[in-house]
Amino acid sequence: MKVEIEGRVHPRYGKLKDVFAAQLASGAEIGGAVAVTVDGEPVVDLFAGFADPARARPWTRDTIVHVYSVTKGMTALCAHRLVDRGALELDAPVARYWPEFAQAGKGAIPVRWLLSHQAGLQALRAPLPPESLYDWQAMCAALAEAAPVLPPGVLGYHPVTFGWLVGELVRRIDGRSLGRFFREEVATPLGVDFHIGLGPGEEKRAADITQLVPPPELADAFAGAAAGEPPLVLLAFVNPAGTGDHNAPAHRRAEIPALNGHGSAAALARVYGALARGGELDGVRVLSAEGVERARSLQAQGTCALLGMPVRLGLGYWLNQPGVSGCELGPNPGAFGHPGAGGSLGFADPAARVGFGYVTNRMGSSLTVDPRASALIDAFYAAA
């Protein structure tokens, strides 16, 4: 089925448009968008398909979509802005800013470990009602009271708790919620259509996504969970919310800074395009040049204790691993960004001064870089 691709692309990158068109025509996509900036200038800004699985609403330039953990990169950026100001110190204990966090032996855990997924709070063992997902105070209180589930300092991805841990630090220091901080400090000044917590105006523009397909390693844990204590990886993803309806108004309106950001590919390309240029674009500085280097500095690498896959992590960002399937962000080793479960992706490549964004509403089974995004990345760099 032929699908009309809308938007614009520099002739040099026509092959990327061909790849995107083939993905839509094959059914690998329902709707989606891809955008790339080079030295801050948009060279790819394409969108196509439908904003709902029923194929009743066209995907337009104004469509935004749930991007799962791509949100973490935006959340980390808020924390780094506070580090730039001297308001947040990476090697200070979290409890300096959030005194209740010191409970259950967590008093010495440094801020650095929250951002680099080494805090040992990948999951909460105490069962929580599903509605807790939308209750900021309840989730932060539960995390403050909780004992680590893995030894602090061990590399283990925090798929959902990351957002409350980092977001509460921002709130304690600045007074604003994470979503408001991001809107006022990054999205509005830079002019990007990305939101953590939707208002009515944005909610009506949100695409509906398909049900997330668990990757094989998680599907096995879900299927094998029996009576008694669930495995840690299961708790990390489904306590408190289970698999919930991520198209529901309550989910869209909440601020869940690890996983419910909504935005466009162009927004991701522009934010990461600024980071690829040392933190500044069109006179708007989102981060200092030193802050960009800090954000992508290697903090931990090896096999993730939660997911069992090889990862390299900076301070809130996944670092490129050329040659490692599912972990590649182009050919340049210094690239950094964040993938989202189901397929969406944003990253910066400072060596090439590239910002990249890809969003989709057909959820795949990847927790890392989705094959659809990889094909688009390959097509771009083949022409670069």
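To the nearest ten degrees, helix 371-383 and the longest principal axis of the Cα atoms of the chain are 50 degrees apart. Under 5 Å between amide hydrogens, built in the peptide plane, is the criterion, and for THR63 it picks out nothing among residues at least 5 positions away or on other chains. Close amide H contacts of GLY261 (hydrogens built in the peptide plane, cut-off under 5 Å, sequence separation of 5 or more or a different chain): VAL67, TYR68, THR71.
In order along the range 102-113, the Karplus-derived 3J(HN,Hα) couplings, from 6.51 cos²θ - 1.76 cosθ + 1.60 at θ = phi - 60°, round to 5, 4, 6, x, 9, x, 9, 5, x, 3, 3, 6 Hz, and Gly and Pro are given as x.
The angle between the Cα long axis of helix 161-174 and the main principal axis of the chain comes to about 80°, on a 0 to 90 degree scale.
Cα gyration tensor of the range 295-384, axes a ≥ b ≥ c as square roots of the eigenvalues: rounded (a/c below 1.5), prolate (a/b > b/c) or oblate?
Cα axes put the range 295-384 in the oblate bin.
Build a GNM of the chain with springs between Cα atoms under 10 Å apart, and of LEU275, LEU315, LEU143 the one that fluctuates most is LEU143.
The alpha-carbon of LYS15 sits under 12 angstrom from the alpha-carbons of these aspartates and glutamates, leaving out residues fewer than 8 places away in its chain: ASP378. Amide H to amide H, with H built 1.01 Å from N, GLY342 comes under 5 Å of GLY364, SER366, counting only residues 5 or more places away or on other chains. Each label was represented as a point 7 Å from its Cα along the Cα-to-Cβ direction; for ARG353 and ALA138 these points are 4.9 nm apart.
To the nearest ten degrees, helix 136-145 and the longest principal axis of the Cα atoms of the chain are 50 degrees apart.
Simple point charges give the picture: +1 on the Cβ of Lys and Arg, -1 on the Cβ of Asp and Glu, and for the chain a dipole about the Cα centre of about 300 debye.
The alpha carbon centroids of the range 149-205 and the range 1-36 are separated by 30 Å. Anisotropy class assigned to the range 263-314 is oblate, per the alpha carbon gyration tensor with a/c at or over the 1.5 cut-off and a/b no larger than b/c. The alpha carbon convex hull volume per residue for the chain rounds to 122 Å³. Each residue of the range 322-329 was assigned a 3J(HN,Hα) from its phi angle through the Karplus curve 6.51 cos²θ - 1.76 cosθ + 1.60 (θ = phi - 60°); the sequence is x, x, 9, 4, x, 10, 9, 10 Hz, with glycine and proline shown as x.
Positive contributions from Lys and Arg (+1) and negative ones from Asp and Glu (-1), summed over other residues with Cβ under 11 Å from the Cβ of ASN247, come out at -3.
Taking θ as phi - 60° and the Karplus parameters 6.51, -1.76 and 1.60, the scalar couplings of the range 184-191 work out to 7, 9, 10, 4, 5, x, 8, x Hz in sequence order, x denoting glycine and proline.
Quick note: the coordinates plus some simple rules give every number you see, no bench work behind them. None of these values were measured; they are calculated from a predicted model. No Cβ is skipped: glycine too gets one built from the backbone with ideal geometry, and neighbour counts run over all protein chains shown.
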